[in-house]
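The values are calculated or read from the model by the stated rules, or taken from the named source; none is laboratory data. Note that this is a predicted model, so its numbers are computed, not measured. Don't worry about glycine lacking a Cβ; one is built from the backbone with ideal geometry, like all the others, and counts go over all protein chains shown. Just the protein is used for accessible areas: all its heavy atoms, side chains included, with ligands, DNA and RNA removed. Shrake-Rupley method; radii C 1.70, N 1.55, O 1.52, S 1.80 Å.
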Amino acid sequence: MWIKRDALMTVRDCRLRNLGLKNVNEINNWFRCSYNNEYYIPGLSEAVKILKNLLQLDKETPIHIIGDYDVDGITATSICYSGLIYAGFKNVTYRIPKRFSEGYGLNTTIIDEIDSGIILTVDNGIAAKTAIEKAKEKGLFVILTDHHLPPKDADGNMILPPADIIIDPHVTTDATFTGYCGAGIAYRLMKELLPNKCKFAYRLQALAAIGTIADCMDLREENYVIVRNGLRLLPIVAGTGLRALMQAWNLEKISSEDIGFKIGPCLNAPGRLYDDGALTSLALLLWDGNIQDAVRLAENIVEENQKRKDSVASAMKKANAYIQDECLYGDLVYSIYLPDINEGILGIIAGRIAEQEKVPAFVFTDKGTSFKGSGRTYGDIHLKNLLDNVNAVDPDIFIGYGGHDGAAGLSIKKEKFQDFRLEMNAKCPTTALPTNDNFFDLEIEELDIPRITAEEDAFNPSGKANEALIYKIKNYRGLPYMGKIVNKLGENGGFKIIGQNSTVVGFNNPELLSCSESSEFEIYGTISYNYFKGKAIPQITAVDIVPLRKKETSTDFANLIAKMASKR
């Protein structure tokens, strides 16, 4: 059953509600604050001052960037590497931890590889106390940039590593905005290091937009500015490698959905499948040479993404079987153990299960004496806080964990798996879980779609905390194409319907194909532009379809001939 969310009647009012704003002037203020660097992050100006002094004194000083293997980590690494080189530093290196053999974040093995200079962490470091202590013992200067929440002791006090400079909005109450991803903070650092109004910073902003969307950050305040501007600039400022990946997807103008469902998953795929696979995607982001080589590299990454899709499809079947066999229905948090799946796709499976079952989900695999897992939230459940609460009750469960509101990674003792499941259910706040009701925002006719699409586009990008509106479209009439009204797309329940001035598409929903015997529909879904051969075509991405009328077996002309013949 679909229910209208509230009494609001315009696109503008509904989108402002989603953004938590009263008027458009507040959005303009976000842009003003971003352009004037008024979003304050403690430690940022100190780091910029040190780097600028180094440019004057010794451009050969080694700077070692330590990143991460997800999209946020590799875009942040690319931003800092490109920015430092452009600024004039001559000895810049990067290191991505190996996903399977080393795990997340700065570690002591990496410190052993570095003898001098500056360590610059991006998208990690706030939980690397031991590694940074070792770095300081070696006399290394450490600039830590991260967006994750710091670990806490039993009394709730933050445990901070002894870095020389910490740039993490969560370690202080002074930060103006705390919602950045790792790439967003890296962009802010490089933006202030580079000359004012430096055009190269536009490329870095486009990379930060990719990281922000891929890491599912709230699209508010400076994140909104970074993503809105970054997506508009991306087709213009992208390097050769990223341009080749866009070409592989036939993308002309980039939307947040293109990043979330095409570019982001491709950049993530090699790092999910192979120990050092993230280096392949990082090489693509940094590639600015021969276009033919870039195309080959992009095609290889697209192939790896298809392998990742196949692995996910197989793992989802196992996950659903586990849910049924273990009778998890009714749990407030799903804890799923899949012993023989690639740990690089744990987060994807957790996210799929969370959306499917409408509860937070953790998926674990076997690592010998421990279980390694990844969690994704649902509703307003803050995963890091939930893990903190469980840890306070039974710290013996965990070997280690970290994350933020929407996602978390962890290792637990194998024998403590059932304790973890029970405590997560006991500590999960039921009030933060949404109801199962389906809500739509506005009811429109098919003729309204072109106007509504333009109004929606004015508030883009859509994403977390700036959700696209759900429309109820009455009396949508499908036109025959290839002899059918509803045409199948791919093998996973995708479909397409062609209307008078728009198209309807659906993904991963084979149930909706049952509408194939109808020609008129009531459609619930989001509306946006689909760009093809230079044309912007309104497109509805359906989440539900109600068939209204059987398709006619004969055309109007055929019926007329038959009627005339019957009178003879």
Check your understanding: With +1 on each Lys and Arg Cβ and -1 on each Asp and Glu Cβ, how big is the dipole of the chain about its Cα centre, in debye rounded to the nearest 20?
Key -> 1920
Revision key, fill the gap. The whole-number value in µm²/s of the Stokes-Einstein translational diffusion coefficient for region 359-426, with Rh from the Kirkwood sum over alpha carbon pairs at 25 °C and 0.890 mPa s, is 209
Check your understanding: For the chain, which whole-number percentage of the solvent-accessible area (1.4 Å probe, protein heavy atoms only) is attributable to carbon and sulfur atoms?
Key -> 51
Review point. With every protein chain in place, what's the accessible area of Phe100 (1.4 Å probe, Å², nearest 10)?
Key: 60
**Study point:** Folded to 0 to 90 degrees: helix 24-35 orientation relative to the chain principal axis, Cα
**Key:** 30
**Study point:** Alpha carbon convex hull of region 219-330, projected area averaged over orientations, nm²
**Key:** 9.5
Exercise for review: Report, in whole Å, the centroid distance computed from the Cα atoms of region 392-468 and region 231-308.
Suggested key: 27
Study note, to complete from the structure: Between Asp396 and Ala283, the FRET efficiency computed from the C-beta separation at R0 = 41 Å comes out, to the nearest 0.05, as 0.45
**Study point:** region 176-312, dipole about Cα centre (Lys/Arg Cβ +1, Asp/Glu Cβ -1), debye to the nearest 20
**Key:** 420
**Study point:** Asn466 long-range amide H proximity, modeled H, under 5 Å
**Key:** Leu219
Review point. In whole Å, what is the distance between the alpha-carbon centres of region 138-166 and region 316-351?
Key: 33
Study note, to complete from the structure: Residue span Ile498 to Tyr329: 0.36 nm per residue of separation minus Cα-Cα distance leaves a gain in nm of 57.0 nm
Point to revise | Mean residue ellipticity (222 nm) of the chain, computed from DSSP H runs ≥ 4 via -39,500 (n - 2.57), nearest 500 | key: -12500 deg cm²/dmol
Review point. In the structure shown, do any of Lys262/Lys484; Lys384/Lys427; Lys367/Lys414 have a Cα-Cα gap over 18 Å, and if so which?
Key: Lys262/Lys484
Practice item. Would you pull out the residues with amide H under 5 Å of Ile336's amide H, same chain only if 5 or more places away, H placed 1.01 Å from N? Key: Phe362, Val363, Phe364
Point to revise | Sequence-separation-based contact order of the chain, relative, with Cα cut under 8 Å and 6+ spacing, percent | key: 12
Revision key, fill the gap. Sequence order, region 167-184: Karplus ³J(HN,Hα) from phi using 6.51 cos²θ - 1.76 cosθ + 1.60, θ = phi - 60°, Hz rounded, Gly and Pro as x, gives 10, 8, x, 8, 9, 8, 8, 8, 5, 5, 9, 10, x, 5, 8, x, 5, x
Check your understanding: Which GluC sites (Glu not before Pro) in region 420-483 pass both tests, a DSSP loop state and at most 10 other beta-carbon atoms within 10 Å?
Key -> none
Practice item. May I ask you to order 297-307, 183-193, 221-231, 205-215 by the average number of other C-beta atoms within 10 Å around their residues, highest value first? Key: 205-215, 183-193, 221-231, 297-307
Study note, to complete from the structure: Its Cα gyration tensor gives the chain an equivalent ellipsoid whose semi-axes in whole Å, largest first, are 43, 29, 23
Study note, to complete from the structure: Scoring region 220-335 by relative contact order with C-alpha pairs under 8 Å, at least six apart, yields a percentage of 27
Check your understanding: Using only the Cα atoms of region 52-100, what do you get for the radius of gyration and for Dmax, in Å?
Key -> 11.9, 40
Check your understanding: Using alpha carbons only, how many degrees (0 to 90, rounded to 10) separate the axis of helix 44-57 from the longest principal axis of the chain?
Key -> 60
Point to revise | Taking N as its residue count, the alpha carbon Rg of region 42-176 over 2.2 N^0.38 Å | key: 1.01
Check your understanding: What relative contact order, as a whole-number percentage, does region 294-452 give when Cα pairs under 8 Å and 6 or more residues apart are counted?
Key -> 18
Exercise for review: Report the one residue of Asn53, Val393, Val504 whose Cα lies farthest in the direction of the positive end of the charge dipole of the chain (charges on C-beta: Lys and Arg +1, Asp and Glu -1; origin at the Cα centre).
Suggested key: Val504
**Study point:** Interchain or long-range residues, amide H under 5 Å from Phe440's placed H
**Key:** Ile3, Lys4, Arg5
Study note, to complete from the structure: Here region 198-211 yields Karplus 3J(HN,Hα) values (6.51, -1.76, 1.60; θ = phi - 60°; whole Hz; Gly and Pro given as x) of 5, 5, 5, 5, 5, 5, 5, 5, 5, 5, 5, 4, 4, x
Study note, to complete from the structure: Taking only the alpha-carbon positions of region 194-267 as identical scatterers, the Debye log10 I(q)/I(0) at q = 0.27 Å⁻¹ comes out as -1.34
Point to revise | Percentage, to the nearest whole number, of Cα pairs in region 149-289 over 18 Å apart | key: 61
Check your understanding: Can you run phi through the Karplus equation (6.51, -1.76, 1.60; θ = phi - 60°) for region 75-82 and list ³J(HN,Hα) in whole Hz, with x for Gly and Pro?
Key -> 5, 4, 5, 4, 4, 5, 4, 5
Revision key, fill the gap. Note to self: with every protein chain in place and a 1.4 Å probe, region 63-208 gives an accessible area per residue in Å² of 36
Check your understanding: Within straight cross-link reach of Lys199, meaning Cα distance under 19 Å, which lysines are found once same-chain residues fewer than 8 apart are removed?
Key -> Lys52, Lys191
